[in-house]
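Undergrad: One structure, pasted below without further comment.
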Amino acid sequence: MIKISVVGDIGSGKTYISKLFKAPYFSADVEVTKLYKKNRKCYKKLKNKFPNFIKSFPINKKELLEVINKNFYNLKKIGHIVHPFVREELKKFLKINKRKEIVILDIPLYLENKMYKKEDVIVFLKTKKSDVNKRLKKRRKFDPKLFNMLRSSQFSLKKKKNYSHYVLVNNYDGLIMKKRVKILKLKILNDRNSS
């Protein structure tokens, strides 16, 4: 099984591009949302850490935003609680899909949390900053302050690109991107089979 992780800027289209690979797909963001809605262990740990903010189950994201707005370093504290649960779900996903040719990982802090293995394939999604900013501003709940906090917790785009084995330019044109992803997928498979 080849694990392909798509990395890039917030709002660069990682989720959309990941799905174009037409392979089993793991989204850390989806798993975190499920945790907040369904996992009482996670809730109890967050409530114990932030009793003045976390009031009820399921966890309300607004309460978590208040925790982060109160102190930026609380983002790391939340991460230390949530990430082990996400890693457990990732292990289950990989076990279920161990016989698949490839799997796609959409994990925002994949590099920063040192989740990658030597044999993983990392694809950097290159986008124009102006396109990313336009797309982010269209998001219903876009919060520039939170966005800047999240961005500052990630590696620079240059560093992400340096870790990557392939670079894919996203121009946000669906037909073109489908073709580019199909070509890239074949290249990754050919490169892996020839080594």
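Quick grid of which residues meet (1) more than 17 Å from the chain's Cα centre (by Cα); (2) outside the structural domain of Phe124 (by TED's automatic domain parsing); (3) exposed (fewer than 13 other Cβ atoms within 10 Å of the Cβ):
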| site | (1), (2), (3) |
| --- | --- |
| Lys137 | yes, no, yes |
| Met149 | no, no, no |
| Ser153 | no, no, no |
| Tyr163 | no, no, no |
| Leu168 | no, no, no |
| Tyr172 | yes, no, no |
| Val181 | yes, no, no |
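Undergrad: Assuming Ile10 fulfils every condition listed in (1) within 20 Å of the chain's Cα centre (by Cα); (2) surrounded by fewer than 20 Cβ atoms within 10 Å (Cβ to Cβ); (3) part of a helix (DSSP H, G or I) apart from one, which condition is it?
TA: The one condition Ile10 does not meet is (3).
Undergrad: Which condition does Glu88 not pass, out of (1) charged (D, E, K, R); (2) assigned to a loop (DSSP other than H, G, I, E, B); (3) within 17 Å of the chain's Cα centre (by Cα), if it passes all the others?
TA: (2)
The rows are residues; the columns are (1) closer than 25 Å to Gly13 by Cβ; (2) in contact (Cβ under 8 Å) with a residue 12 or more places away in the chain; (3) among the β-branched types (Val, Ile, Thr).
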| site | (1), (2), (3) |
| --- | --- |
| Pro51 | no, no, no |
| Val67 | no, yes, yes |
| Val82 | yes, yes, yes |
| Val86 | yes, yes, yes |
| Leu90 | yes, yes, no |
| Ile107 | yes, yes, yes |
| Asp120 | yes, yes, no |
| Phe142 | yes, no, no |
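Undergrad: Looking only at the range 12-45, count how many residues are under 15 Å from Val181 (Cα atoms) and among the basic types (Lys, Arg).
TA: Of the residues in that region, 3 qualify.
The values are calculated or read from the model by the stated rules, or taken from the named source; none is laboratory data. Note that the structure is a prediction, hence the values are computed from the model and not measured. No Cβ is skipped: glycine too gets one built from the backbone with ideal geometry, and neighbour counts run over all protein chains shown.
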